[in-house]
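Notes to accompany the following structure.
The numbers here are math on the coordinates, done by the rules we state, and not lab data. No experiment lies behind these values; they were computed from the predicted model shown. FYI the Cβ positions are ideal-geometry reconstructions off the backbone, even for glycines, and counts take in every protein chain you see.
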Amino acid sequence: MRRVIKTGLIFSLMGVLAACGAEHGYYNDHEHYSQPGETVLFAPEISKPRLQDFHMVDSYGIDSASHSQALVVDPYLDEGLFEIYWFADSWDDYWVEFYISDNPSMDGAEYVGSQMCGVGLDCSEDGLQFCQYSADLYLSCDTGEEHLADVSPLIYAIPQTLYFILQVCDYSFDYCEYSFRPVLFK
């Protein structure tokens, strides 16, 4: 008899404990019940990449992040190589594009190169790119593309200040934002 009472007491206690907090139970607020024949599609919102920061290291090793002096790119120093690095905030893969212009906007900017960034790719939330400026006025970046940007239409006298533009775009190029750095090209 005691065994039956103990067993009954244990089951009663389990029932009470199982019901505790039921008024605050878990529920999925993304659940949708459809009518028969109704098709429901859920498309996740694509996050927009945000360019947090963008800096350059010029031919003389001057880093725009830590110095306020003008950046200079010289085709005769270190073969015209210079560095670009950036920080972006994006949950999804995004594109980073490089342009050169004679004004601080995308109007009339000359395309230099682009690269896809994201988890498992060469660049993620931060990236580093090496670019090269040649004495015959061509500019390229090590993006894997075989593209040389002709800078001669933008240069009226040497040396001249041009604007290096870095742009980040979402995967489908529906949203883009950019920043620029003035650079003296010799």
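When only residues in the stretch 75-96 that are in contact with a Ser or Thr (Cβ under 9 Å, 6 or more places away or on another chain) and assigned to a loop (DSSP other than H, G, I, E, B) count, which is nearest to residue 176 (Cα to Cα)? Applying the filter and picking the extreme gives 90.
When residue 82 is tested against the conditions (1) closer than 12 Å to residue 131 by Cβ; (2) touching a helix residue (DSSP H, G or I) at 6+ places or on another chain (Cβ under 6 Å), the lone failure is (2). With respect to (1) among the aliphatic types (A, V, I, L, M); (2) within 25 Å of residue 52 (Cβ to Cβ); (3) without any contact (Cβ under 8 Å) to a residue 24 or more places away in the chain, the lone exception for residue 165 is condition (3).
Residues in the stretch 66-75: is at least one under 15 Å from the mean Cα position of the chain (by Cα), farther than 19 Å from residue 159 by Cα and of a type in the set (Ser, Thr, Tyr)? No, that holds for no residue.
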